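S.K.: Just passing along the structure, written as structure tokens.
FYI, it's all coordinate maths here, none of it is from the lab. It should be emphasised that the depicted structure is a prediction, and the values quoted were computed from it without experimental measurement. Backbone-built Cβ (ideal geometry, glycine too); neighbour counts: all protein chains shown.
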Amino acid sequence: MTRQLWFDLRETLRQAETTIAGPDAGPTGEPQEPWLVVDTAGGRLWFTPVNAPRPRSATVTAVHDDGPQPSRPWPPYRQPLTEPGPDDTSLLDRLHAAAREGHRWLVIDSTMPPQLHTAAVYDTATVPATATWTPAYLAAGELGPYPGEIAAGYQYDGSVIARFRLEAVERIAADAHARTWPGQTADLLVRRGYGNRTEVFMAHAAGSIDTSTPWQPEAGDETLGMRRVTVDTDGWYVLVDDLWMWRQVDPPMVQTRPGHGHAPEQDMFEPDGPYGSRCTVCGATGYDIADRTLPSMAGYGSDTTTWCRICRSSESHLQEIGRVSRRATWPPSLDA
Ligand SMILES: [Zn+2]
């Protein structure tokens, strides 16, 4: 197995841009060609002007370091950042394109020379404390949607990693219980209160359970599998389990079309700096705002769509119809 270093792609790009735009231009005032430097042994990377040890960007440390550790020190590996390669794109171009597509990771296989690629998600059941959580509507099987948060850039066995407030956990527990049929094995969420302390269990309960009353985890021999869910210090319950495969679903939308009696509405996206835009519904910026241009269904011209990866609001300009916008009901709530 090859050792793999997983770096936060957005943080990596921020450091790359800082190095390119920073006051590190050479004596002639010309910006120097920046290089990516990878210290595979130390699990770190940084950017630096060519052949100069300093000044350089801040160091980015690998969030995940998988596989066998190196048995001997390897020299740092250097690669041009902005020089076009054989396919006319530079490493920076490729990293930008991947981030715009929603990828969250720069993955470096520590072969010699190291192989660089990008990935959308890292698969794990336990996300690190550094993970970025973003609001989302979530569903599991027939249940949902419920308001919660997902760990950006993570999945567990194909399921997003979701966490919920106690209020949502109680709703999920009630819904799961209500859909339990007598005599059938059921996946349940169980809440037990001890004064001001609450315990939540994810249970796989046998068909003999009595569904007329709230099921209790004490019924040992009726339990095929049970796991305690611990609440974190901020009051979130992370519900990660093979039996609860969460998926992100579209929020309820307020759809409006020009010419259908609606007053002209404000733009869904507003400028944010010289190149970026900001979602006016949830406030997301940067790589959370995505664009797509496709040949029009009308047979001429093109259709463009801008959408927000966080709240999923979107605005399209279609040759045939004109402007179509979909505004998410936001923030996620139990009553939406
Ligand atoms: Zn948004």
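S.K.: So how much slack lies between Glu270 and Asp65, counting 0.36 nm per residue of separation and subtracting their Cα-Cα distance, in nm?
M.R.: Residue separation times 0.36 nm, minus the Cα-Cα distance, leaves 70.0 nm.
S.K.: Which cross-chain or sequence-distant (5 or more) residues have an amide H under 5 Å from the amide H of Arg323, H modelled 1.01 Å from N in plane?
M.R.: Counting only residues 5 or more places away or on other chains, the set is Leu318.
S.K.: If I model a spin label as a point 7 Å beyond the Cα along the Cα-Cβ vector, how far apart are those points for Met1 and Glu83 in nm?
M.R.: Modelled inter-label distance: 3.5 nm.
S.K.: Where Lys and Arg each count +1 and Asp and Glu each count -1, what net charge lies around Leu95 among other residues with Cβ under 14 Å from its Cβ?
M.R.: After counting each charged neighbour, the total is -1.
S.K.: Using 0.36 nm times the number of residues separating Trp74 and Arg100, minus their current alpha carbon distance, what extension gain do you get?
M.R.: Difference between extended and current length: 6.1 nm.
S.K.: Trp236: net charge of surrounding residues, Cβ under 12 Å, Lys/Arg +1, Asp/Glu -1, itself excluded?
M.R.: Overall, the nearby charge balance is -2.
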